[in-house]
1. Among residues belonging to the stretch 23-60 that are acidic (Asp, Glu) and modelled with pLDDT of 90 or more, point out the one that is surrounded by the most Cβ atoms within 10 Å (Cβ to Cβ).
2. Which of the residues that make up the stretch 1-22 are basic (Lys, Arg) and either modelled with pLDDT of 95 or more or in contact with a helix residue (DSSP H, G or I) (Cβ under 7 Å, 6 or more places away or on another chain) (or both)?
3. So, of the residues in the stretch 61-79 that are assigned to a helix (DSSP H, G or I) and loosely packed, with under 12 Cβ neighbours inside 10 Å, which turns out to be modelled with the highest pLDDT?
4. Within the stretch 8-31, how many residues turn out to be over 11 Å from Met42 (Cβ atoms), not in a helix (DSSP H, G or I) and not polar (S, T, N, Q)?
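The values are calculated or read from the model by the stated rules, or taken from the named source; none is laboratory data. Predicted model only: the values in this text are computed from it and were never measured. Here Cβ is always computed from backbone atoms with ideal geometry, including for glycine, and neighbour counts include all displayed protein chains.
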Amino acid sequence: MLEHDSKELAMRAFVQTFAQPMTAADVAPTLTCWETSAIAMMLDIHDEGEAATMWLVQHAEGHDEGDEPHGLAEAWSTAMQHRNAAP
């Protein structure tokens, strides 16, 4: 298998796996904001924006009351909100 083909196959497997709602619900609350944002960014750039948002929401719901969003998750969430609000 060519290197390019294996990279593409690996990326498709990643996106298909992490775009699943149950995966996000089970895993996102256990990750750091940075880790969750990395997954959300990969999903978003591969046309899975809804799944990316789901990861950020599921992660945020796992925060303890009074916790503020922080790190890359907050920045990415803000950027997505601005992008989605653009005409």
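1. Within the stretch 23-60, the first condition is being acidic (Asp, Glu), and the residues that meet it are 26, 35, 44, 47-48, 50.
Pick out the ones that are also modelled with pLDDT of 90 or more and you get 26, 44, 47-48, 50.
Working: Asp26: 11, Asp44: 20, Asp47: 11, Glu48: 18, Glu50: 11.
Looking at the filtered set, the residue picked out is Asp44.
2. Taking the stretch 1-22 and keeping what is basic (Lys, Arg), we get 7, 12.
Within the stretch 1-22, no residue meets the criteria.
3. As a first pass, look at the stretch 61-79 and keep what is assigned to a helix (DSSP H, G or I): 61, 71-79.
Then keep just the ones that are loosely packed, with under 12 Cβ neighbours inside 10 Å; that gives 61, 78.
Numbers: Glu61: 81, Thr78: 64.
Of everything passing the filter in the stretch 61-79, Glu61 is modelled with the highest pLDDT.
4. 1
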